[in-house]
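To start, the structure under review is shown below, and the notes come after it.
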Protein chains: 2
Amino acid sequence: MESNVLTANVSATQSVLTPEQLLKHWQGHRDLTRRTIEKFPADKLFSYSIGGMRPFSVLAMEVLGIASAGVHGFATNGEWKTMAELLEHTGATNPTTKEELLQLWDIVTEQIDDYWPRIASEDFQRPMKAFGRYEGTVISLLLYFIDNEIHHRGQGFVYLRSLDIEPPFFWDRH
Amino acid sequence: MESNVLTANVSATQSVLTPEQLLKHWQGHRDLTRRTIEKFPADKLFSYSIGGMRPFSVLAMEVLGIASAGVHGFATNGEWKTMAELLEHTGATNPTTKEELLQLWDIVTEQIDDYWPRIASEDFQRPMKAFGRYEGTVISLLLYFIDNEIHHRGQGFVYLRSLDIEPPFFWDRH
């Protein structure tokens with residue numbers, strides 16, 4: 001028993017990052033992306049782009065689809081379903097307005113909070129094939145998902161600036 | 001002794017992310033940013049922007065300054081010097097051409113590899129005031145640095161697209 005206590009202490013101390021910190025990090029980024037969506041004029045959200053890129057609504061839907069399917073896949077140790085399948089019962093998976101997109105965003109926020117506790121500390125280094133296709137570990141794939149969101153949100157910031165709209169502060173996370 | 005062995009095993013298994021993985025993650029992102037710089041026509045790198053934003057060379061210099069000062073600050077447990085001070089001896093800290101910027105990039109890449117082993121696993125959860133100003137822990141600040149790079153690189157991708165230049169693949173890390 002004493003060795004278990006020691007183990008737990010050392011593990012907590014030496015962990016570069018805990019699951020709780022990673023969830024907070026992810027949801028903090030997601031909150032910033034949500035506030036980026038809010039800054040877009042309703043029509044521009046679904047139509048405006050630069051250099052032939054996708055409108056921000058489409059980038060946001062990509063980010064949502066990855067988050068929803070991803071957290072489910074991790075929590076079930078590799079059962080891959082699409083966001084449309086997972087959230088069909090909500091009737092919210094095909095947003096056509098800014099309000100509907102924000103509503104879907106909030107549903108996925110709850111979904112992540114619900115599934116997260118099912119991913120144990122020791123699961124993060126487990127090999128996983130995301131969406132049945134992309135090989136990695138839970139942690140490498142999850143960091144990829146977050147990075148992809150930051151990447152696309154940075155692009156949304158340029159769209160906003162070119163529309164003469166001030167984006168949220170990058171450092172402001174809730 | 002046996003309890004130490006157990007401890008080490010459990011800690012390694014339960015670690016969400018190891019220092020080695022985090023270094024590889026960071027340097028993989030930095031390599032992608034380097035290849036983004038390479039894609040810019042030499043003049044556009046220092047002049048082109050959208051919506052009143054900074055040219056990509058200026059964003060890259062911000063990212064470099066944070067990385068250089070940051071890894072030094074972490075490795076010395078809170079001694080904050082600027083990149084100009086740390087790398088003055090190289091004569092490379094004021095790049096005015098694409099080649100010079102890439103040269104400085106490579107110097108900082110080596111600097112990170114050199115300093116990284118001085119940051120122990122247990123240091124990542126240590127409170128730290130980055131640049132003597134921004135409160136966090138080593139891990140929260142480091143993730144912020146990486147996120148800031150991803151954010152600005154995403155903006156560079158829009159600059160490139162609007163110049164009709166294909167950016168590198170986001171998923172391609174070396």
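Just so it is clear, none of the values below were taken in a lab; they were calculated from the coordinates. What you are looking at is a predicted structure, and each value in this text was computed from that prediction instead of being measured. Cβ coordinates were reconstructed from backbone atoms using ideal geometry, including for glycine residues, and neighbour counts include every protein chain displayed.
Less than 13 Å Cβ to Cβ from B:L160, Lys/Arg counted +1 and Asp/Glu -1: what total charge do the surrounding residues give? The partial results should precede the final answer.
Details: positive: B:R35, B:K39, B:K44, B:R153, B:R161; negative: B:E38, B:D164, B:E166.
Here the charged neighbours net out to +2.
Compute the longest continuous run of chain B that contains no exposed chymotrypsin sites (Phe, Trp or Tyr not before Pro); treat a site as exposed when its DSSP state is not H, G, I, E or B and it has at most 13 other Cβ atoms within 10 Å.
Values: sites that count: B:F169, B:W171.
No qualifying site falls inside B:1-168, the longest such stretch.
Here is the link list: A:K39/B:K24; A:K129/B:K44; B:K24/B:K129; A:K24/B:K24. Which ones come out longer than 31 Å on Cα distance? Don't skip to the end; give the middle numbers.
On the way: A:K39/B:K24 35 Å; A:K129/B:K44 40 Å; B:K24/B:K129 24 Å; A:K24/B:K24 23 Å.
Among A:K39/B:K24; A:K129/B:K44; B:K24/B:K129; A:K24/B:K24, the Cα-Cα distance tops 31 Å for A:K39/B:K24; A:K129/B:K44.
Taking other Cβ within 10 Å of each residue's Cβ, how do B:S47, A:S162 sort, fewest first?
B:S47, A:S162
Taking the Cα centre as origin and putting +1 on Lys and Arg beta-carbons and -1 on Asp and Glu beta-carbons, what dipole magnitude results for chain B, to the nearest 20 debye? Intermediate results must be reported in sequence, preceding the final value.
On the way: 16 positive and 23 negative charges, 92 e Å.
Here the size comes out at about 440 debye.
Restrict the search to the stretch A:17-80; then list the GluC sites (Glu not before Pro) that DSSP places in a loop and that have at most 13 other Cβ atoms within 10 Å of their Cβ.
Working: sites: A:E20, A:E38, A:E62, A:E79; in loops: A:E79.
For GluC sites (Glu not before Pro) across the stretch A:17-80 that sit outside H, G, I, E and B with at most 13 neighbouring Cβ atoms in 10 Å, the list reads A:E79.
Quick check: Cα centre of the stretch A:97-145 to Cα centre of the stretch B:119-160, how many Å?
Cα centroid of the stretch A:97-145 versus Cα centroid of the stretch B:119-160: 22 Å apart.
Suppose a student asked you for the relative contact order of chain B, using Cα pairs under 8 Å spaced at least 6 residues apart; what percent would you report? Could you put the intermediate results ahead of the total?
Numbers: 159 pairs, mean separation 51.5, N = 174.
Value for chain B: 30 percent.
For the residue pair A:D114 and B:Q27, what label-to-label distance in nm results when each label sits 7 Å from Cα along the Cα-to-beta-carbon direction?
Simple spin-label model gives 4.2 nm for this pair.
With all pairs of different alpha carbon atoms counted, what Kirkwood hydrodynamic radius in Å does the protein assembly as shown show? Present the calculation step by step, with values, prior to reporting the outcome.
Values: mean 1/r = 0.0467 Å⁻¹.
When all Cα pairs of the protein assembly as shown are included, the Kirkwood radius is 21.4 Å.
Excluding A:A92 itself, calculate the net charge of residues whose Cβ lies under 11 Å from the Cβ of A:A92, where each Lys or Arg counts +1 and each Asp or Glu counts -1.
Around A:A92, the charge tally is -4.
Label points 7 Å out from Cα along the Cβ direction at B:L102 and A:E100: separation in nm?
About 4.8 nm separates the two model spin labels.
How high is the FRET efficiency between A:R133 and B:L163 when r is their beta carbon distance and R₀ equals 30 Å, given to the nearest 0.05? Present the calculation step by step, with values, prior to reporting the outcome.
Numbers: r = 32 Å, r/R0 = 1.06.
The pair A:R133/B:L163 has a calculated efficiency of 0.40.
State whether the stretch A:20-162 is rounded, prolate or oblate according to the following rule on the C-alpha gyration tensor (a ≥ b ≥ c being the square roots of its eigenvalues): a/c under 1.5 gives rounded; otherwise a/b larger than b/c gives prolate, and the remaining case gives oblate. Provide the component values of the computation, followed by the final result.
On the way: a/c = 1.94, a/b = 1.63, b/c = 1.19.
Cα axes put the stretch A:20-162 in the prolate bin.
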